[in-house]
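Scroll down for the structure; my scribbles are underneath it.
The values are calculated or read from the model by the stated rules, or taken from the named source; none is laboratory data. What you see is a predicted model, and the numbers here were worked out from it, not measured in a lab. All Cβ positions, even for glycine, are placed from backbone atoms using ideal geometry, and neighbour counts span all protein chains on display. These accessible areas exclude ligands, DNA and RNA; they are computed on the full protein's heavy atoms, side chains included. Shrake-Rupley method; radii C 1.70, N 1.55, O 1.52, S 1.80 Å.
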Amino acid sequence: MYVYLLASGKHRTLYLGVTNDLIRRVYEHKTKAVRGFTSRYGVDCLVWFEVYDDAETAIMREKEIKKWQRDWKVALIEETNPDWDDLYDSITK
């Protein structure tokens, strides 16, 4: 299971999600396969993710981060991805 953050660009719109297949889910965001928030606002750059062994823990983490202030989410991204690079290519290789 994965908890992930997408962005529309550096310091722009953020989207937090949880999935059991990160590659498939980010691909859906990138191709706008699912209508909604991310397709409407162009949020398709994978900037951060964490891996979990079970769904319950991942969902708890997602709910925790959803309560965070935006600044905390930005700091979380910048700890491991200071340039806000799109990590999608690195996980598909």
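Miscellaneous remarks
- Sole residue being within 13 Å of TYR2 (Cβ to Cβ), open to solvent by 30 Å² or more (accessible area, probe 1.4 Å), assigned to a helix (DSSP H, G or I) and touching a residue at least 12 places away in the same chain (Cβ under 8 Å), chosen from ILE23, ILE65: ILE23
- Among the residues here, VAL74 does not qualify as in contact with a Phe, Trp or Tyr (Cβ under 7 Å, 6 or more places away or on another chain) and among the β-branched types (Val, Ile, Thr).
- Given (1) at pLDDT 95 or above; (2) surrounded by fewer than 19 Cβ atoms within 10 Å (Cβ to Cβ); (3) over 18 Å from ASP86 (Cβ atoms), index of the condition MET1 fails: (2)
- Every residue from region 14-43 that is of a type in the set (D, E, K, R) and over 21 Å from ILE59 (Cα atoms): LYS30, LYS32, ARG35, ARG40
- Count - residues of region 4-18 that are farther than 14 Å from TYR88 by Cα and within 10 Å of the chain's Cα centre (by Cα): 5
- Number of residues in region 68-84 that are over 15 Å from GLY9 (Cα atoms) and surrounded by 14 or more Cβ atoms within 10 Å (Cβ to Cβ): the value is 1.
- Among residues of region 36-62 being closer than 17 Å to MET1 by Cβ and among the β-branched types (Val, Ile, Thr), the one that is most open to solvent (accessible area, probe 1.4 Å) is VAL51.
- Among the residues of this structure, ASP54 does not count as one that is farther than 17 Å from GLY17 by Cα and of a type in the set (D, E, K, R).
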